[in-house]
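The values are calculated or read from the model by the stated rules, or taken from the named source; none is laboratory data. Everything numeric here is computed off the predicted structure, so don't read it as measured data. FYI the Cβ positions are ideal-geometry reconstructions off the backbone, even for glycines, and counts take in every protein chain you see. Remember, those area values only see protein heavy atoms, side chains included, never the ligands or the DNA or RNA. Shrake-Rupley method; radii C 1.70, N 1.55, O 1.52, S 1.80 Å.
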Amino acid sequence: KFGGELSGHFYFADNYHSDCGEIAMLEVLTVVSAAGKTLSELIAPLQTTHRSGEINFRVDSTEAKIQELAAIFADAEIDYKDGITIQYPSWWCNVRPSNTEPLLRLNLESADEAAFGEARAKIMALLGDPV
């Protein structure tokens, strides 16, 4: 029925599987209006993890950085379906090349605030300053 991406693309089966941000906005406004609560109040129970959101980095070689991450986090469960996904029991992240820009995009998540902070600091030190 619905699919979405962190980059802001929203797809609806009833709209011929087409990307449409306006439909997404109208659906959200309908839910908020019917609930009589703010959007923040509605999503608060769903906020159970610490998330970085998408952080972009300009690097000399996206492939070399992905290989470097694989070597540094070799003891993790690693998947290469979309860039590199690194998974530990306490946190996971995905670092992937942008399809439209010469950037690496990081998304990191953890239920544990301390693990999130440590992983974020370590990965960002490896990738450099965000753009």
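Excluding residues fewer than 8 places away in the same chain, name every one of the lysines whose C-alpha is closer than 29 Å to that of residue 65.
81, 122
How much mean residue ellipticity at 222 nm does the chain get from its helices, if each DSSP H run of length 4 or more adds -39500 (n - 2.57) and you divide by all residues, to the nearest 500 deg cm²/dmol? Present the calculation step by step, with values, prior to reporting the outcome.
On the way: 4 runs with 46 residues, N = 131.
Value at 222 nm, helices only, nearest 500: -11000 deg cm²/dmol.
Who wins for biggest fluctuation among 59, 95, 28 in a Gaussian network model of the chain, springs between alpha carbons below 10 Å?
28
Leaving out ligands and nucleic acids, note down the accessible area per residue over the stretch 13-52 with a 1.4 angstrom probe, in whole Å².
Values: 3170 Å² over 40 residues.
Here the residues of the stretch 13-52 average 79 Å² of exposed surface.
Within the accessible area of the chain, what % is carbon and sulfur when the probe is 1.4 Å and the other protein chains stay in place?
C and S atoms contribute 54 percent here.
Find me the longest stretch of the chain that has none of the exposed chymotrypsin sites (Phe, Trp or Tyr not before Pro), where exposed means in a DSSP loop (not H, G, I, E or B) with at most 15 other Cβ atoms within 10 Å.
So the longest stretch without any such site is 17-79.
Kirkwood hydrodynamic radius of the chain from all distinct Cα pairs, in Å? Please report the intermediate quantities before stating the final value.
Details: mean 1/r = 0.0595 Å⁻¹.
About 16.8 Å, per the Kirkwood formula over Cα pairs.
Stick to the Cα atoms of the stretch 1-71, pair each with every other, and give me the Kirkwood hydrodynamic radius in Å at one decimal. Write down the numbers at each step before the final one.
Values: mean 1/r = 0.0645 Å⁻¹.
Answer for the stretch 1-71: a Kirkwood hydrodynamic radius of 15.5 Å.
Between the DSSP loop rule and a limit of at most 11 other Cβ atoms within 10 Å, which trypsin sites (Lys or Arg not before Pro) in the stretch 80-131 are left? Could you put the intermediate results ahead of the total?
Details: sites: 81, 105, 120, 122; in loops: 81.
Answer by residue number: 81.
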